[in-house]
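In what follows, a single structure is set out as structure tokens and then discussed.
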Amino acid sequence: MHMLTRLPSRITALLFLLWLCQTALGQKLPAVYQSKQDSLGIRVYTLEKVRVIATRPQESIGRLSVLNPGERTQALSGSVKEVLQDSPGLSVTTGTKDESNLRIRGFRKNEVKILVDGRPLNAGYFGNIDLQNLPLSDISEIQILKGPVSSLYGSNTMGGVVNLITREPSAQKWVKLGLLAKRNNTNQLELSVAHSFEDWNFWLYGSREHTDGFVLPGDFVPTISENGDVRNNSLKTEYNIQAKSSFSIMDFHTLGVSWGWTFVPEKKIPASIYEANDFKLYKDWARYQSTVMGDILLGEELKLAGLVYLDGGKDTYQQYNDPQYQFLSVNSIMHYNTVGANLKLELPQNGSLGITGGYNLDCQNSTRKDNGDYLNWTNHRIYLQHLFAQARQDFSARLNLTGSMGLSLATGDYRKAYYLYPEPALGIFYELPDQTRLSLATGINASYPTMRQLFSAERGNPNLKPQSGIKTELSTSRPFIMSNLSGFLELILFHNKVRNLIDLRDEHYTNIYSVDSYGFDAEGSIRPISLISFDAAYGYLDYSAGSDYRLTESPRNTLSLKCNLNLPHKLGLTISSLYKDIRFSQDSAGSYRVLPAYWNHSIYLNRDFGVISINCGVDNLMDVYYEEEYGYPAAGRNLGIKL
């Protein structure tokens, strides 16, 4: 513990020292390298001839991180969860119902907003999006906002935003076939047909994913409820169908539609390895969505962008008293959906000023029935309205100021009080002549209670207030060249002051906690020669002694190291290592447990043969045993190949 206490200050000092050194020794960058580093600032998400409606990077207030799922280190990933789990500031674990739990800088899963092309996903009755059931193929970028969030992203963004940007159809290609195989009959087959024409495009996608269950590490010691080798009750088969099309009208307007369906017929749920007599499963688990998008040119300098969408899901959750799944004790059927609309008026930047404003409405609905407190179908609704406006002022080519204001109002059944909640945010961005970028952002973001927290018959409280956080973020980044050594450094400092956190007290949900958290994310990339590159990312997270809430499943120190080698015969080799510090984790009784720190090493090899790409590798190379959450072990050594 003494070493862990001293580690952050030493690393912080080292990072600042490195930054000062490269600032003093850095040379003027060649034009090619400058263009590469500037690309994010001018990037927009378009289809050929046809634009897809999506929130763009320049609309953010805080620092935007962008992940590319096509990188070597993501080569064997099959879901969004696998890509996010080694990012600094993020923690993705698997919990009590075999669902992924995403935390951003300690914020919990129901405080983070997940979007696909700007369309919010319904988080269900419990307020969680299972990232394991979001397929990764045909996602071109994953945008992550960890700090202050612009009001343009809507409400419920206190914990941050993850926006999945789907791939653009190509005018040169038609068909993509993907095959993924891993240990213990884990496989994925996916097929997409897509093409872009002169004034319209289409995309059709289908996949089947199956696993007989992941294999536990070799040093796992069997317990009373887990016999080891293959993780008990982890078999799953999932089907996914997605489609979208966009077309232009009179060369000025764009319309688009999308539709999707994900289905799991039956999925048994692995129990805690420390608890016996816990036999659960899902039946007929499904997610669905349909969207109509529009981009209408109203005048020479005025555009209307809009989304009208339906996003929802359903499942049947069952508990049994025996391992043969014959004696049913709980049978709960859940249906949930959101019908929403997002209208945005854009006044493009004319000279130095650009203005955007609009209105968002989410009608969230949940219906449930079970053999306990809900013998009859019980329906609950939340209407979440949000007015927003944002202005960007460019004072020069190097300095700009972006400010936004959102006003959100939540109403619904059984609520005795209504809150009109303001969410202001402000960001200042400055670029020095040597391409050092500085930014300071601050804002207030809120998170509204979930359906379960409001309406649960056992623990619900319809008088809950929104949770809120004052978030501040300071960042600096700079590319550099010293002799023949090129690279990039980035440092982000943050502080979050959160109030009215919701948790259980006396068996009911209550606004009881507050927490002041702080830390930093640091990333660096060095390319000593063209054949090799090194990437490192470090995250530090802590909270003040006066806080009355512990950040669970969120390590104080996280370190990610990667080495990319270009070998002969066009082979690419990647070696990656991930370190996670000790974490607090709660057991089923609510008691805090401490999970040990661990290292996870992986190695990947890739080769392109024209239009064919082959990737193979080994995850958890050293077969290390660790638990993602208390009682829920991660997979051991896993071999895989992807075509």
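The values are calculated or read from the model by the stated rules, or taken from the named source; none is laboratory data. In this text the structure is predicted, and so the values were computed from the model without any measurement. Positions of Cβ are backbone-derived with ideal geometry, glycine not excepted, and every protein chain shown enters the neighbour counts. The protein model used for the area step is the full one, side chains on, heavy atoms only, and it has no ligands, DNA or RNA in it. Shrake-Rupley method; radii C 1.70, N 1.55, O 1.52, S 1.80 Å.
Quick look at the values:
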quantity: Two-site FRET efficiency, GLU266 against SER140, from Cβ-Cβ distance with R₀ of 41 Å, rounded to 0.05; calculated: 0.80
quantity: Computed [θ] at 222 nm, deg cm²/dmol, the chain (DSSP H ≥ 4; -39,500 (n - 2.57); rounded to nearest 500); calculated: -2000 deg cm²/dmol
quantity: Two-site FRET efficiency, ILE603 against ILE249, from Cβ-Cβ distance with R₀ of 51 Å, rounded to 0.05; calculated: 0.50
quantity: Three-way shape call for the chain based on the alpha-carbon gyration tensor, with the a/c threshold at 1.5; calculated: rounded
quantity: Label-to-label distance, nm, for residues given as LEU438 and TRP259 (7 Å Cα→Cβ offset); calculated: 5.4
quantity: Within the chain: Cβ-based charge dipole about Cα centre, in debye rounded to nearest 20 (Lys, Arg +1; Asp, Glu -1); calculated: 640
quantity: Heavy atoms of TYR282 accessible to a 1.4 Å probe, total area in Å² rounded to 10; calculated: 40
quantity: Gain on full stretching of the segment that runs from ALA276 to ASP548 - 0.36 nm per residue minus C-alpha separation; calculated: 94.7 nm
quantity: Percent accessible area from carbon and sulfur atoms, the range 77-150, protein chains only, probe 1.4 Å; calculated: 48
quantity: With DNA, RNA and ligands ignored, accessible area of ASP130 (1.4 Å probe; Å², nearest 10); calculated: 30
quantity: Prolate/oblate/rounded label for the range 123-191 (Cα gyration tensor, a/c 1.5); calculated: oblate
quantity: Protein-only accessible surface order, largest first, of GLU226, GLU628 at 1.4 Å; calculated: GLU628, GLU226
quantity: Separation between Cα centres of the range 518-539 and the range 183-247, rounded to whole Å; calculated: 31
quantity: FRET E, pair MET482, CYS563, Förster distance 22 Å, beta-carbon r, rounded to 0.05; calculated: 0.65
quantity: Semi-axis lengths, Å, the range 79-170, gyration tensor of Cα atoms, sqrt of 5 times eigenvalues; calculated: 18, 17, 13
quantity: Whichever aspartates and glutamates have a C-alpha closer than 20 Å to that of LYS303, once near sequence neighbours (fewer than 8 apart) are set aside; calculated: GLU48, GLU59, ASP117, ASP199, ASP251, ASP295, GLU346
quantity: Hydrodynamic radius of the range 169-220 per Kirkwood, over alpha carbon pairs, in Å; calculated: 13.3
quantity: Accessible area of the range 223-297 belonging to carbon and sulfur atoms, whole % at 1.4 Å probe; calculated: 61
quantity: Extension reserve of the VAL330-PHE534 stretch, reckoned as 0.36 nm per residue once the Cα distance is removed; calculated: 68.3 nm
quantity: Heavy atoms of VAL292: accessible area, 1.4 Å probe, square angstrom to 10; calculated: 80
quantity: Residue-span extension gain [VAL292 to ARG499] - 0.36 nm each, minus C-alpha spacing; calculated: 70.8 nm
quantity: Neighbour cut-off at most 14 other Cβ (10 Å), DSSP loop, trypsin sites (Lys or Arg not before Pro), the range 553-621; calculated: none
quantity: Gyration tensor verdict on the range 274-375 (Cα atoms; rounded if a/c is under 1.5, prolate if a/b is larger than b/c, oblate otherwise); calculated: prolate
quantity: Where ILE104, ILE470 fall by accessible area, highest first, once all protein chains stay in place (1.4 Å); calculated: ILE470, ILE104
quantity: Neighbour net charge for LYS268 - beta-carbon separation under 9 angstrom, K R +1, D E -1; calculated: +1
quantity: Accessible area per residue, Å², the chain with all protein chains present, probe 1.4 Å; calculated: 44
quantity: Filtered chymotrypsin sites (Phe, Trp or Tyr not before Pro), the range 353-414: DSSP coil and at most 14 other beta carbons within 10 Å; calculated: TRP377, PHE395, TYR414
quantity: Relative counts (whole %) of C-alpha pair distances in the range 79-120, using bins that are 10 Å wide; calculated: 27, 57, 16
quantity: Virtual spin-label span in nm between TYR518 and LYS97, 7 Å along Cα→Cβ; calculated: 3.7
quantity: Of LYS283/LYS497; LYS173/LYS570; LYS97/LYS497, pairs whose Cα-Cα distance is over 32 Å; calculated: LYS283/LYS497
quantity: Per-bin percent of Cα-Cα distances, the range 492-564 [5 Å]; calculated: 4, 13, 18, 15, 13, 10, 8, 7, 5, 4, 2, 1, 0
quantity: Which of LEU134, LEU432 is most accessible, then next, and so on - probe 1.4 Å; calculated: LEU432, LEU134
